[in-house]
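Notes follow the structure.
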Amino acid sequence: MNEQDEYWMRRAMALAARAEQEGEVPVGALVVLDGHCIGEGWNQSIGSHDATAHAEIMALRQAGQAIGNYRLLDCTLYVTLEPCMMCAGAMVHSRIRRLVYGAFDAKTGAVDSVLQLLATPGLNHQVVWQPGVLAEDCATQLSRFFQRRRAEKKAARKQAAGQ
């Protein structure tokens, strides 16, 4: 882990906060090329009714538009949560050079935790990755969101029951 990775991960955490403000699971992502952010994304699945609107996908789409090519050679993707299967596949297809992620995802993580898709032999592109950058901060951001959400649901159930 280096200072640049921490800097960009903090920027991704700010995008995750934006997702949370919009009622989404707080995950943020950005694509960096030559020290410049060329794509940003945050979870938008709930509001857009689109299962593919993960932070990583949104950032990859914006980056592709920025450079006029879906192949994001020499780019680094920063994301606050370990990517799922869909997002790991999109990284391979977009030819992302490097992935840096924060928190591990014990339920759907497809890089290290549940599956190791990026380590699959025979893929047409190999992505290198750095896990655990600001992992504790990223995990805390997510866990606070889910704690608050559970408390809100509990309060709503109590209110509905007339208590």
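Only residues that are free of Cβ contacts under 8 Å to residues at least 40 places away in the same chain and either surrounded by 15 or more Cβ atoms within 10 Å (Cβ to Cβ) or assigned to a strand (DSSP E or B) (or both) were counted across region 51-85, and they come to 15. When region 89-118 is filtered for residues that are surrounded by fewer than 24 Cβ atoms within 10 Å (Cβ to Cβ), part of a helix (DSSP H, G or I) and within 14 Å of the chain's Cα centre (by Cα), the ones remaining, listed by number, are Gly89, Ala90.
For region 43-50, does any single residue satisfy the condition of being in a helix (DSSP H, G or I) and touching a His at 6+ places or on another chain (Cβ under 9 Å)? Within region 43-50, one or more residues are in a helix (DSSP H, G or I) and touching a His at 6+ places or on another chain (Cβ under 9 Å).
Selection of region 1-53 for residues being of a type in the set (Gly, Ala, Ser), over 19 Å from Thr140 (Cβ atoms) and touching a strand residue (DSSP E or B) at 6+ places or on another chain (Cβ under 8 Å) yields Gly39, Gly41. May I ask you to verify whether Thr80 is among the hydroxyl-bearing types (Ser, Thr, Tyr) and farther than 24 Å from Ala135 by Cβ? Here the answer is no, as Thr80 does not meet what is asked.
If you go through region 119-163 and keep only what is under 26 Å from Gly23 (Cα atoms), modelled with pLDDT of 95 or more, among the small types (Gly, Ala, Ser) and loosely packed, with under 14 Cβ neighbours inside 10 Å, you end up with just Ser143.
Within region 9-23, which residues are open to solvent by 10 Å² or more (accessible area, probe 1.4 Å) and touching a helix residue (DSSP H, G or I) at 6+ places or on another chain (Cβ under 9 Å)? Full working, then the answer.
So in region 9-23, the residues open to solvent by 10 Å² or more (accessible area, probe 1.4 Å) come out as 10-11, 13-15, 17-18, 20-23.
The answer is Arg10, Met13, Leu15, Ala17, Glu20, Glu22, Gly23.
The values are calculated or read from the model by the stated rules, or taken from the named source; none is laboratory data. Just so you know, these numbers come straight off a predicted model, no measurement behind them. Cβ atoms come from the backbone with ideal geometry, glycine included; neighbour counts cover every protein chain shown. Protein only, heavy atoms only, side chains kept; ligands, DNA and RNA dropped before computing areas. Shrake-Rupley method; radii C 1.70, N 1.55, O 1.52, S 1.80 Å.
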